[in-house]
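Below is one structure, written out as structure tokens; comments come after it.
No lab work stands behind these numbers, since they all come straight from the coordinates. Note that the structure is a prediction, hence the values are computed from the model and not measured. Cβ: placed from backbone, ideal geometry, glycine included. Neighbour counts: every protein chain shown.
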Amino acid sequence: MSRTSPRFGHTVRVGDFRIESHYLRFIADELRRYPERKDSLRELEAGVIKGTSELDTLGMPRGSGPSNPTHAAALRLMDVNEPTFKRRVHLRTLVASVDEWFRRLPDEQRQIVRHLYWEGHLTMLGVASRLHISLPTLNRTRNHILATMAVHLIGDHILIAVVNDDSKCQ
């Protein structure tokens, strides 16, 4: 059950804390987009690596001698003036963060992430059925997963301590 507070808006109880529901929605959207972002990063980097130019990295015409394509590709990947540089850095950072966070999850939670966000063909009820857990358990676990990801990506300042809160919430 979510709660509205004048100070924080809609919040969801996750363990001993509350977290604003918009953070959970943001993280769920990021997890849904993760496979697409990983593919985009691969495509951008492949395009930069395969890219050819009439000028070398110093702006000088290429010589007629043998070239070093590996060296040239590495320089293009590190070139801050390369048009896709900022996008690649952002995607690389995001993908590395999600990968690190995902590796730390217990196996059951990894399965939930895969089924809910990356395979995308099962409903909450379908995931609960497939994993042989109740729907309320899946909801609580999902909220916990999203909260840990939010803390990992955004920071623990988004958590709201629960003080004398005896209400039943997710």
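Multiplying the residue separation of Q109 and L125 by 0.36 nm and removing their Cα-Cα distance gives an extension gain of 4.2 nm. Each residue, K50 and R25, gets one label point 7 Å from its Cα in the Cβ direction; the gap between the two is 3.9 nm.
Between D156 and I133, the C-beta separation translates, for a Förster distance of 35 Å, into a calculated FRET efficiency of about 0.80. Here the simple spin-label model places points 7 Å from the Cα toward Cβ, and for R42 and A96 these points are separated by 1.9 nm.
With a simple spin-label model that places each label point 7 Å from the Cα along the Cα-to-Cβ direction, the separation between W118 and K86 comes to 3.0 nm.
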